[in-house]
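The values are calculated or read from the model by the stated rules, or taken from the named source; none is laboratory data. Worth saying up front: this structure is predicted, and the values here are computed from it rather than measured. For neighbour counting, all protein chains shown are included, and Cβ atoms are generated from backbone atoms with ideal geometry for every residue, glycine included. Areas reflect the complete protein model, heavy atoms only, side chains present, ligands, DNA and RNA absent. Shrake-Rupley method; radii C 1.70, N 1.55, O 1.52, S 1.80 Å.
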Amino acid sequence: MFHVAATVVRAVYSLALRKSWSGEEHLRRDGGYIVVANHVTEVDPLTVAYPVYRSGTIPRFLAKESLFRVPVLGALLRATAQIPVFRGSMDASRSLKAARAVVDAGGAVIIYPEGTLTRDPDLWPMAGRTGAARLALATGAPVIPVAHWGDQELLPPHASRPRLLPRKSVRTLIGAPLELSDLVGEDRTQHVDRAVLTETTERMMSAITQLLEQLRGESAPPGRWDPRQGRRVSHPER
C-alpha cells in the first residue's frame with residue numbers, strides 16, 4: 001500500500017515542485033535511524049520523506065492523532081502504518097513504543113521536534129519539544145538532521161490553496177548524524193533527566209537551524225521563537 005501511494009504522490013509532487021537535495025549519503029541503509037527536520041508548511045512531510053524513500057527506506061511519521069480521523073487522509077495514514085501521537089493522555093507512551101519498534105526493525109522515523117508548524121515570523125525553527133529527544137535517547141539510533149526551503153512558496157503556512165504557477169523549487173540539505181553519545185546512557189530503561197532531554201533537543205534544533213542557514217544563505221536571528229511567550233528568547237521553555 002505504501003509503495004502504491006508513494007508512486008502516485010511522487011508523480012504529483014514532482015509536477016508541482018522542482019526538487020534538489022544534498023547529503024543523501026548520510027541516510028544509512030544498514031539499520032534504523034531518526035530524522036529530525038524543520039516544519040514550515042503542510043507540504044514538507046513529502047519533501048522530507050522523498051530522499052528517505054529514494055534511499056531505500058520506508059519513512060514513518062509521528063503524526064497528530066487527530067489527522068487519523070480526517071476522511072481519506074486518516075485511512076491513508078493507517079494503511080501506510082504511520083504512527084499516531086496521543087498528546088496529553090494515558091496513551092502518550094504508545095507513540096514512543098511504536099516509533100521505537102520501527103527503528104529497532106531497521107526503519108526510519110521522521111519527527112518534527114517543534115511539534116507543529118513554526119510560528120517564527122521569519123520561518124526559522126522555533127523551540128523544540130522533547131519527544132524526539134526521548135526517542136533518540138531510548139533507542140540510541142542515529143539522529144539525522146534535515147532542513148528544507150522553498151516548499152512554502154507552493155503552499156504557504158496554513159494556506160488553503162497551493163500556488164501552482166509558476167512552478168516552485170525546493171532544496172533539501174541532509175546533515176551528518178548528531179553526536180549524542182555523551183548523553184545516551186547505558187541503561188535506556190532508566191528515567192531520563194530533564195536537563196539531558198533539554199540538551200538533546202537543543203542540539204537537534206541547532207543542527208537543523210545551521211543547515212537552514214546554509215540553504216537560505218543568511219544567519220538566523222539570535223534566540224529561538226518560544227510560542228508560549230510569543231517572542232524569541234535565549235532559553236525558551238520546552
Amide proton proximity set for residue 155, modelled H, under 5 Å, gap of 5+: 163
Accessible area, probe 1.4 Å, largest first, for residues 192, 8: 8, 192
Using θ = phi - 60° and Karplus 6.51 cos²θ - 1.76 cosθ + 1.60, couplings along the stretch 193-210 (whole Hz; Gly, Pro as x): 4, 4, 5, 5, 4, 5, 5, 4, 4, 5, 5, 4, 5, 5, 5, 4, 5, 5
Considering only the stretch 1-225, percent of DSSP beta bridges that pair antiparallel, nearest 5: 15 percent
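Whenever you get a sec, line up 168, 64, 97, 19 from highest to lowest accessible area (probe 1.4 Å, protein heavy atoms).
Heavy-atom accessible area, descending, gives 97, 64, 19, 168.
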Computed FRET value (nearest 0.05) for residue 104 with residue 199, which takes r as the C-beta separation and R₀ as 30 Å: 0.80
Placed amide H near residue 169: partners under 5 Å, 5+ positions off or other chain: 18
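Looking at the chain, I'd like the Rg to Rh ratio, where Rg is from alpha-carbon atoms and Rh is Kirkwood's inverse mean 1/r.
Rounded to two decimals, Rg/Rh equals 0.94.
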Residue 106 long-range amide H proximity, modeled H, under 5 Å: 32
Computed accessible area, residue 21, all protein chains, 1.4 angstrom probe, square angstrom: 60 Å²
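As an exercise, identify the GluC sites (Glu not before Pro) in the stretch 133-207 lying in DSSP coil whose Cβ has no more than 13 other Cβ atoms within 10 Å. Display every interim value, and only then the final one.
Details: sites: 153, 179, 186, 199, 202; in loops: 179, 186.
Loop-located and lightly packed - 179, 186.
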With all protein chains modelled, accessible area of residue 3 [1.4 Å, Å²]: 100 Å²
Karplus-derived HN-Hα couplings along the stretch 165-173 (A = 6.51, B = -1.76, C = 1.60, θ = phi - 60°), whole Hz, x at Gly and Pro: 10, x, 4, 8, 10, 10, 10, 10, 10
Area of residue 12 that stays accessible when all protein chains are in place (1.4 Å probe, Å², to 10): 90 Å²
